[in-house]
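See structure below.
The values are calculated or read from the model by the stated rules, or taken from the named source; none is laboratory data. Just so we're clear, the structure is a prediction, and the values are computed from it rather than from any experiment. For neighbour counting, all protein chains shown are included, and Cβ atoms are generated from backbone atoms with ideal geometry for every residue, glycine included. Surface areas here come from the heavy atoms of the whole protein model, side chains and all, with no ligands, DNA or RNA. Shrake-Rupley method; radii C 1.70, N 1.55, O 1.52, S 1.80 Å.
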Amino acid sequence: MVIHESAEDYLESILIIQEQAGQVRSIDVVNKLGYSKPSVSIAMKKLRESGYITMAGDGNISLTGSGLEIASRIYRRHKTITKLFELMGVSPDQAAADACKVEHDLSEETFARICSYVEGRPE
């Protein structure tokens, strides 16, 4: 199934917020991504209709199995690419920002090589 970069960003953000705060509401996604409330509302509806999230009556958002799989894959890419850039001397903030730009587009082959390189480096 093809999933768009924006949906991957939303799912990754939901995962990060959940890890940090324990629960996620649409306003948390608005605050994290800096998007408008209507934009996030539309995106949450699409993600729910696609089976990537569920929304409880109290507004709490949860990732489904398929949503968690995508979010985890993108977040792992983000963290690994950020670490690579930091190893190259890029500041942490810039490394994270740049990782966001490339995490969606790398081939599996290239990402596997980055993982091998980063994981083989001493801390």
Next item on the list: Return a yes/no flag: does region 79-92 have any residue that is closer than 27 Å to Met44 by Cβ and in contact with a His (Cβ under 8 Å, 6 or more places away or on another chain).
Entry: no
Note to self: I'm told Asp9 meets every condition in (1) crowded, with 19+ Cβ neighbours inside 10 Å; (2) at pLDDT below 95; (3) in a loop (DSSP other than H, G, I, E, B) except one. Can you identify the failing condition by its number?
What the structure shows: (3)
Next item on the list: Output the qualifying pairs, or none if there are none: Cβ atoms under 9 angstrom, residues six or more apart or on different chains, first residue in region 37-49 and at negative phi, second residue β-branched (Val, Ile, Thr) and surrounded by fewer than 15 Cβ atoms within 10 Å (Cβ to Cβ).
Entry: Lys37/Ile27; Val40/Ile27; Arg48/Thr54
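Each row is one residue, and each column tells you yes or no for (1) among the charged types (D, E, K, R); (2) open to solvent by 40 Å² or more (accessible area, probe 1.4 Å); (3) under 30 Å from Glu119 (Cβ atoms); (4) in a helix (DSSP H, G or I).
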position	(1), (2), (3), (4)
Glu19	yes, yes, yes, yes
Ile27	no, yes, no, yes
Thr54	no, yes, no, no
Ile74	no, no, yes, yes
His78	no, no, yes, yes
Ala99	no, no, yes, yes
Next item on the list: Would you check if Met44 is surrounded by fewer than 18 Cβ atoms within 10 Å (Cβ to Cβ) and of a type outside the set (Asp, Glu)?
Entry: no
Check: Identify, please: which residue in region 105-115 is assigned to a helix (DSSP H, G or I) and open to solvent by 80 Å² or more (accessible area, probe 1.4 Å) and is, among those, farthest from Leu11 (Cα to Cα)?
Finding: Arg113
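This table checks each residue for (1) closer than 14 Å to Ile14 by Cβ; (2) modelled with pLDDT under 95; (3) aliphatic (A, V, I, L, M); (4) open to solvent by 30 Å² or more (accessible area, probe 1.4 Å).
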site: Gly57; (1), (2), (3), (4): no, yes, no, yes
site: Ser62; (1), (2), (3), (4): yes, no, no, yes
site: Ser66; (1), (2), (3), (4): yes, no, no, yes
site: Thr82; (1), (2), (3), (4): no, no, no, no
site: Phe85; (1), (2), (3), (4): no, no, no, yes
site: Gly89; (1), (2), (3), (4): no, no, no, yes
site: Pro92; (1), (2), (3), (4): no, no, no, yes
site: Ala95; (1), (2), (3), (4): no, no, yes, no
site: Glu103; (1), (2), (3), (4): no, yes, no, no
